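For reference, the structure is listed below as C-alpha cells.
The values are calculated or read from the model by the stated rules, or taken from the named source; none is laboratory data. Since this is a predicted model, take the numbers as computed values, not measurements. All Cβ positions, glycine included, derive from the backbone under ideal geometry; neighbour counts span all protein chains shown. For accessibility, only protein heavy atoms count, side chains too; no ligands or nucleic acids. Shrake-Rupley method; radii C 1.70, N 1.55, O 1.52, S 1.80 Å.
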Amino acid sequence: MAKPNKKGPTKTVDIFCAKCKKQLFKYRKGGKGALVKCFKERISVDLTEVVCTCPNCQAVFAREMLIRGTPAFKMIGGKVFVK
Ligand SMILES: [Zn+2]
C-alpha cells in the first residue's frame, strides 16, 4: 500500500449523472471502491449550477454535509456513476 500523499490524490475521475449521463464533476478521488462522498476541496471541475443538482435533468444527486469538519457532498446511492 502506498502512503497517502500530503497533497491528496492526484488521480482524477469523472462523475456523471446516472439518469441523463451529464458530467457533474471532475474529482480527485482517493483510494478504490465506490464513490460515497466527495470532499469539495477535491473537486477540480464543478459543472453543476445548483448545488447537488444535475444541470441537465435537475436530479438531486447528493447532500451537503461536513465530514470531520470538512465540507463534502454525500452522494445519493444510484444517482451518479464514475468513469
Ligand atoms: Zn442528469
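The set of residues from the range 35-49 being touching a strand residue (DSSP E or B) at 6+ places or on another chain (Cβ under 9 Å), open to solvent by 60 Å² or more (accessible area, probe 1.4 Å) and under 15 Å from Cys20 (Cβ atoms) comprises just one member, Leu47. Considering (1) within 16 Å of the ligand (Cβ to nearest atom); (2) open to solvent by 30 Å² or more (accessible area, probe 1.4 Å); (3) over 11 Å from the mean Cα position of the chain (by Cα), the lone condition that Asp14 does not fulfil carries the number (3). Residues that are more than 16 Å from the ligand (Cβ to nearest atom) and without any contact (Cβ under 8 Å) to a residue 12 or more places away in the chain occur in the range 25-32; there is at least one. Filtering the range 52-77 to residues that are within 16 Å of the ligand (Cβ to nearest atom) and open to solvent by less than 70 Å² (accessible area, probe 1.4 Å) leaves Cys52, Thr53, Cys54, Pro55, Cys57, Ala59, Val60, Phe61, Ala62, Phe73, Met75, Ile76.
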